1. Of all residues being part of a helix (DSSP H, G or I), in contact (Cβ under 8 Å) with a residue 60 or more places away in the chain and surrounded by 16 or more Cβ atoms within 10 Å (Cβ to Cβ) in region B:281-297, which is nearest to the chain's Cα centre (by Cα)? Just the residue, please.
2. What number of residues within region B:221-233 satisfy the criterion of being open to solvent by 40 Å² or more (accessible area, probe 1.4 Å) and part of a helix (DSSP H, G or I)?
3. In the list A:Leu268, A:Leu273, A:Leu285, which residue meets the criterion of being closer than 29 Å to A:Ser50 by Cα and either open to solvent by 10 Å² or more (accessible area, probe 1.4 Å) or within 14 Å of chain B (Cβ to nearest Cβ) (or both)?
4. Is there a residue in region B:85-93 that is of a type in the set (Lys, Arg), within 25 Å of B:Ala180 (Cβ to Cβ) and surrounded by fewer than 21 Cβ atoms within 10 Å (Cβ to Cβ)?
5. I'd like the full set of residues that are of a type in the set (Gly, Ala, Ser) and either loosely packed, with under 10 Cβ neighbours inside 10 Å or more than 20 Å from A:Leu159 (Cβ to Cβ) (or both), limited to region A:2-23.
6. Which is under 25 Å from B:Phe121 (Cβ atoms), assigned to a helix (DSSP H, G or I) and either touching a residue at least 24 places away in the same chain (Cβ under 8 Å) or within 15 Å of the chain's Cα centre (by Cα) (or both), of B:Leu340, B:Leu250?
7. What residue, among those in region A:227-244 that are of a type in the set (A, V, I, L, M, F, W, C) and surrounded by fewer than 22 Cβ atoms within 10 Å (Cβ to Cβ), is farthest from A:Leu45 (Cα to Cα)?
Amino acid sequence: MDVLHKILVAPFIDMAAAPDFLMQVLWEGLVSGVLYALIALGFVLIYKSSRIFNFAQGIMVVFAALTLVGLHEKGVPALLAVPLTLVVMFVLAVAIERVVLRPLVNQPDVILFMATIGITLFLIGFGEMIFGGENKVMITEQLMIPTGAYTFEPFGGFLLIEQKDLTAVVGAGILVLVLLVFLNRSKMGRAIRALGDDHQAALSVGISLSTIWVLVWFIAGIIALATGIVWGARAGVSFALEVIAFKALPVLMLGGLESVTGAIVGGLAIGVLEKLFEIYWGQPLMGGNTETWFAFVFALIILLFRPQGLFGEKIIERV
Amino acid sequence: MLYRITGQFKTNYRSDYALFPVRQDMFLLAVILFFAWVVFPLMASEFAFQTLLIPVLIYALAALGLNILTGYAGQLSLGTGAFMGVGAYACYKLVTIFPDLNLMLAIGFSGLFSAAIGLAFGLPSLRIKGFYLAIATLAAQFFLVWLFEKWSWLYNYNASGAIQVPTIDMFGITVSGPTASSMVQYYFVLFIVSVITILAINITRGRIGRMWKAVRDMDIAAELVGINLLRAKLIAFGVSSYIVGVSGALFVFLWRGAAEPNLFDIPLSFRILFIAIIGGLGSILGNFLGAILIIALPVILNIIPEAFGVEVDSSLLEHINIMIIGALIIAVLIIEPHGLARIWAVIREKLIIWPFPH
């Protein structure tokens with residue numbers, strides 16, 4: 001009974017006893033959820049258009065952030081460093097398409113997945129060689145991101161909302177909106193979706209596979225840069241950021257590999273739930289640090305009931 | 001010319017399905033085994049034992065376990081490292097609870113524990129497929145490593161949180177612990193690896209292996225021809241985790257000597273995945289070729305600058321190393337997606353028909 005009480009009742013009493021703390025926890029979870037959603041979005045875009053499970057998305061985040069900070073350290077003004085970083089990401093997209101993807105067109109999915117792991121390793125080695133392995137500080141102020149904090153006093157308690165987190169949430173929202181408009185309204189966006197539906201049909205109506213692949217990897221690079229700035233402002237820029245790439249994987253499972261909505265909903269859900277679980281169940285009952293696995297186990301359980309994720313396309317298998 | 005197969009007639013089905021339909025294969029293998037069992041141990045230095053021979057064998061065994069699951073049964077797994085950890089911790093507990101237990105038996109039993117956990121994590125594979133399953137295996141990876149850290153019973157409540165391998169004697173010879181000689185450890189590992197490899201070759205050639213391949217190529221079609229998918233997949237998870245668990249126990253007891261939970265983290269899983277891929281999925285030989293390449297390459301890269309008398313910063317070397325392995329994976333995939341084993345198969349084919357092109 002005592003154990004059941006600890007698991008099923010006590011955490012909720014704690015929540016009700018300190019609603020302001022609960023709100024703080026929810027907000028923190030939401031902010032990290034936004035970041036997971038952004039990374040997952042990069043995955044989804046590439047998966048939708050090319051059926052490539054891009055393992056390198058996480059390292060692209062690190063690489064973009066390091067390039068930005070590295071350029072600034074070399075004396076480039078911050079606002080000029082951003083477009084320059086985008087140029088670097090574009091070159092990267094072209095290089096990946098030319099060197100890796102083009103020779104591997106038509107190979108089984110798993111081979112392409114392995115190739116992206118190869119890209120990941122290459123970028124880790126390359127990035128560490130150029131920028132060094134130590135932690136760097138994101139140039140938050142130079143990019144004119146406000147760093148103050150708002151405080152509220154709901155229920156007579158205390159709630160702290162940092163302006164940079166708020167900026168992150170708003171910025172991510174705008175980015176997602178622009179992306180959705182681009183995918184659904186522009187000619188290029190339609191081409192991307194067509195390619196995702198059927199490669200050969202898309203090729204036969206004159207859509208260029210290589211152009212679209214470069215474009216998609218470039219967009220993934222832009223998302224990576226945005227994620228890198230936001231996450232770097234919270235935690236500094238180093239290769240430790242890599243681990244958040246793994247966090248995007250359960251988000252993908254939960255939301256479905258080819259759903260933009262799924263990536264966003266899944267990201268937010270996992271961000272909030274893993275924080276709640278860690279604070280109210282993990283730390284008091286399990287010795288903490290449950291964030292490393294909670295998202296995976298949660299997604300695994302959901303997947304047992306919906307094997308294609310919450311928003312994924314229904315899997316129809318034919319012999 | 002060396003591989004001329006003319007004159008080797010098959011007069012019945014039995015000889016057609018023999019393990020070595022071509023006599024030269026058997027000869028080649030005999031030479032390799034002679035080197036592995038006699039020549040290397042006699043010539044190798046302490047350094048060669050510890051940085052090349054023993055790790056190559058252990059990594060090859062782990063890759064073999066993964067290859068059975070991914071290459072033969074088609075279930076992509078990213079959690080190999082954690083299952084090695086289960087084997088290692090199980091062996092550690094067995095040795096502490098039964099101090100008189102023969103180490104070879106302890107290692108054999110510890111594989112059963114990781115097989116059991118592998119079965120549990122294999123259950124979802126019936127509903128979850130492809131990349132979704134790959135991510136699901138990451139759940140095992142992260143959860144188990146977390147457990148190794150938090151469940152202090154596993155490491156006998158010691159303060160460091162790491163496991164230390166005790167000194168264990170077998171038939172009067174020290175086989176593990178700091179005082180064990182490298183040659184004894186090498187033979188110990190070589191024996192287990194040889195036995196498991198022979199078993200694996202025969203499992204994959206037989207009825208179970210054909211069942212796995214059918215499931216890998218198209219599971220619905222396999223189900224339609226009467227293969228029990230649940231059984232086929234669970235056997236694959238069980239056998240694979242058993243081998244991986246044994247390799248994990250060897251990894252800690254016969255090579256590392258001590259282990260912390262983060263040793264079994266994602267990088268280890270990935271290194272084994274690389275070995276299996278570069279070597280060739282769906283091949284037994286490939287695991288050994290891949291392990292030789294992935295383990296030997298860093299050692300060679302470390303030696304080259306010294307040989308030329310150039311001082312290179314060790315961290316720079318490390319980064320170049322990672323880059324080269326990344327580039328190597330991409331290169332192998334582009335040149336031959338089926339890995340080194342396929343490259344050898346092509347060479348062998350060419351040798352057989354030489355000097356004719358077809």
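1. Filtering region B:281-297 for residues part of a helix (DSSP H, G or I) gives B:285-297.
Filter again for in contact (Cβ under 8 Å) with a residue 60 or more places away in the chain, leaving B:286-288, B:290-292, B:294-296.
Adding the requirement that they be surrounded by 16 or more Cβ atoms within 10 Å (Cβ to Cβ) leaves B:286-288, B:290-292, B:294-295.
Working: B:Gly286: 10, B:Asn287: 6, B:Phe288: 8, B:Gly290: 10, B:Ala291: 8, B:Ile292: 11, B:Ile294: 12, B:Ile295: 12 Å.
The qualifying residue nearest to the chain's Cα centre (by Cα) is B:Asn287.
2. Looking only at that region, the number is 4.
3. Numbers: A:Leu273 fails: closer than 29 Å to A:Ser50 by Cα; A:Leu285 fails: closer than 29 Å to A:Ser50 by Cα.
The unique qualifying residue is A:Leu268.
4. First, pick out the residues of region B:85-93 that are of a type in the set (Lys, Arg): B:93.
Imposing the further condition that a residue be within 25 Å of B:Ala180 (Cβ to Cβ) reduces the set to B:93.
Next, from what is left, pick out any that are surrounded by fewer than 21 Cβ atoms within 10 Å (Cβ to Cβ): B:93.
Yes, the conditions are met somewhere in region B:85-93.
5. Our first condition is that a residue be of a type in the set (Gly, Ala, Ser); within region A:2-23, this holds for A:10, A:16-18.
Correct list: A:Ala10, A:Ala16, A:Ala17.
6. Values: B:Leu340 fails: under 25 Å from B:Phe121 (Cβ atoms).
Exactly one residue qualifies, and that residue is B:Leu250.
7. Taking region A:227-244 first, the residues of a type in the set (A, V, I, L, M, F, W, C) are A:229-231, A:233, A:235, A:237, A:239-241, A:243-244.
After this cut, where a residue has to be surrounded by fewer than 22 Cβ atoms within 10 Å (Cβ to Cβ) as well, the list is A:235, A:239-240, A:243-244.
Numbers: A:Ala235: 26, A:Phe239: 23, A:Ala240: 24, A:Val243: 20, A:Ile244: 18 Å.
If we take residues in region A:227-244 being of a type in the set (A, V, I, L, M, F, W, C) and surrounded by fewer than 22 Cβ atoms within 10 Å (Cβ to Cβ), then A:Ala235 is farthest from A:Leu45 (Cα to Cα).
Listed here are the residues, each with its yes/no results for (1) part of a helix (DSSP H, G or I); (2) loosely packed, with under 14 Cβ neighbours inside 10 Å; (3) among the aromatic types (Phe, Trp, Tyr); (4) at negative phi.
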{"site": "A:Leu160", "(1), (2), (3), (4)": "no, yes, no, yes"}
{"site": "A:Val170", "(1), (2), (3), (4)": "yes, yes, no, yes"}
{"site": "A:Gly189", "(1), (2), (3), (4)": "yes, no, no, yes"}
{"site": "A:Ala201", "(1), (2), (3), (4)": "yes, yes, no, yes"}
{"site": "A:Ala220", "(1), (2), (3), (4)": "yes, no, no, yes"}
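The values are calculated or read from the model by the stated rules, or taken from the named source; none is laboratory data. Since the model is a prediction, treat every value here as computed from it, not as a measurement. Note that each Cβ is placed from the backbone with ideal geometry, even for glycine, and that neighbours are counted across all protein chains shown. Each accessible area value is taken on the protein alone, full model and side chains, heavy atoms only, with ligands, DNA and RNA left out. Shrake-Rupley method; radii C 1.70, N 1.55, O 1.52, S 1.80 Å.
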